Each structure stands twice: as structure tokens, then as C-alpha cells.
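Let me begin by presenting the structure, written as C-alpha cells, before commenting on it.
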Amino acid sequence: MKPKGICLSSSTKDEYNLVKSMILSLVPKAKIVDFQDVLNNIKLIKDIDLIFTIGGDGSVAWLVRAFYQKFHDLSLLKPIVPVIRSESIGYLKQLDLSEKKFIAGFKKILKGKFSIIDKVVLTSKIDNIDYVAVNEINIRCSPHLGKITVYVKKGTNYHRITSTMADGVIISTPIGSTGWALSYGGNIMLDEESIQVLFLGGIHSSANFSLPRKDIKVKMKVKNSAISEDALLSYNEARISAGLEEDKNPQSTLDILYGTRYVIDGKLLAFGKNIIKIKSNETIPFLILSRETSMDKARKLTKQKSVK
């Protein structure tokens, strides 16, 4: 493969310029396009063969989120090639940011020694805003306890599959299965036709489980408020100390803050909604230099824990 156009996404200018120079050393005629320019002009995407994300795994989630919020069409994305810093343990890593390893990996791409795999992502609409999750959608209500009910769409209707009392629930993609999902008792997933449902701090017997890629609906009903009178007084004292006006209705404010909260790929994005619908029909393309087995991912996790 001789890529004619490569898009680069990086949070630092030095890393951007380093990767650009390494690419041009092997493909001098390649057109390098900044991802920010693509966000300003979608027509640039037609001349791009690959998108290199530079940094950590989070850089991939940021790019996909920014692209989706701008264009609402993930089918326009070209294959993503995560370039991860040497000191980072990136589960999406295909190229290393160190020069020697980057050149070796990029040469494999030029020789066509890769495959393109579509990886599932989640989409949802909250307050009329469309969101995409590369890793997971985390719906939580701790320190309260909530009744959480999960439904799966069959035909035009949603059918209840389970209900339990818990602090929250995570809906995870296979990409997200090595992050929060795994820490809450999930499994490492390689099957791109499945998603995971994991309950956080559940008090009833409701095992975590996997589902086929179906539309799902989650309902959450928060139990009695855990906000005490002392908390209300402390909250207003903190506001005054910060130079803010006293909150005339602190109970309502804190009920919103500590009610249902929606965290998507580690970003707190919404409050107070009791029903959310999640779709898993979207995918994004990744360039893969070698297929990982579940054992490969397990070794990475073991290595990460030993380093810590």
C-alpha cells in the first residue's frame, strides 16, 4: 500500500511533526492533512487513506467523538491507526511513537501486511444531542441506589430482560472491555458482534452478561435521597466560600447532581434522565497489523498491573 493521503491527529505539535517527518521519510509524496482541517472541511476526507491518532487510547475516543458530533456520519471515517507512546500500554496500539519501532511498523503497512477490522461503537441521544461511545456508556446514581431495568429491542418493541438494584450500569463495547468493564467483573471481548452489560455494586443476584448487537433501553429509578441536612448546609457554605450566591433550593440542585449521571468514554455529559436508548449498529474501521487473541490482551493487563 502506498498511501497518497494520511490524516494526523495529535494534541502536541512536537509529536505531530515527529510522525509527519517519519511518514515523509518513507513516502515523500504523501499528502499530510491535519485532523482539525478535516473537521473544518469534510471534502478533505476523500483524499485520505489512513487516519493516525497520536497519543494514547483516549486519543482514538476523542477523534471519533469529535468527528461524530461534527458530521453525524461515522461511515465517512477512514481506517484508524493508533500510534501510542512507548511508555503507554495502549490496547489499540498498532504503531509505536519511537522512531525505530514506528518505521518498522509503517514499513509493514507499505508492504500490505495488515487487515482492516470494523469495531463496534455505541450511539445514543440525550437532550437531543447525539453521542458516540468507543468504550462504554456508564449510567450511575451512587451514592444512591437505583432500580435498573434493561430491555432489548425485538422488532418494533423493547422487551425486558433483567432488573436489579445497583449503583449503576455499564454498557461496554469490545474495545471498552479492557477498561472499566473489566475492573467491574466483565470479560475481555474480541467478538465484534456483542456488547456487555455490567451492574455496579448490585445487591441482588443479577450476573453481568453479553448481548448480541441489538438496540437496548435502560431505565433507572433512584431510591430515596442520600443527601443529608448537613450536606445541604456544607454545600451552601462552600458556595459562599467560593464567592457564589447562596443556593435557595439546594435540595433540588444536589438531587440533580447526585441523581442519574451519564458518563461516556470517561466524560460526564448529562444528568437526570431516567430512560436512555442505546444503539450498537455503528462501526469504525481500524487498521490491524496483527490480530490479538484474548490471551494477548490478558498478558498486557498482567504487565500493566506488575508495572504498577
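The values are calculated or read from the model by the stated rules, or taken from the named source; none is laboratory data. All of these numbers come straight from a predicted model, not from anything done at the bench. Because the Cβ atoms are built from the backbone with ideal geometry, glycine has one as well, and the counts that use them run over all protein chains shown.
Values as computed for the structure displayed
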item: Flag if ILE171 is of a type in the set (A, V, I, L, M), out of contact with any helix residue (DSSP H, G or I) (no Cβ under 8 Å at 6 or more places or on another chain), part of a strand (DSSP E or B) and within 19 Å of ASP57 (Cβ to Cβ); result: yes
item: Qualifying residues in region 35-77 (those that are of a type in the set (Lys, Arg) and under 19 Å from the mean Cα position of the chain (by Cα)) - the one surrounded by the fewest Cβ atoms within 10 Å (Cβ to Cβ); result: LYS70
item: Residue selected from region 139-162 under the condition of a type in the set (S, T, N, Q) and more than 25 Å from the chain's Cα centre (by Cα), by the criterion nearest to PHE271 (Cα to Cα); result: ASN157
item: GLY243 vs. criteria surrounded by 11 or more Cβ atoms within 10 Å (Cβ to Cβ) and assigned by TED's automatic domain parsing to the domain that holds ILE148; result: no
item: Matching residues, region 108-150, being among the small types (Gly, Ala, Ser) and in a strand (DSSP E or B); result: SER115, SER124, ALA133, GLY146
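Conditions tested, residue by residue: (1) without any contact (Cβ under 8 Å) to a residue 24 or more places away in the chain; (2) closer than 23 Å to LYS221 by Cβ.
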position	(1), (2)
SER115	no, no
ILE137	no, yes
PRO143	no, yes
TYR151	no, yes
SER163	no, yes
ASP167	no, yes
GLY179	no, no
ASN187	yes, no
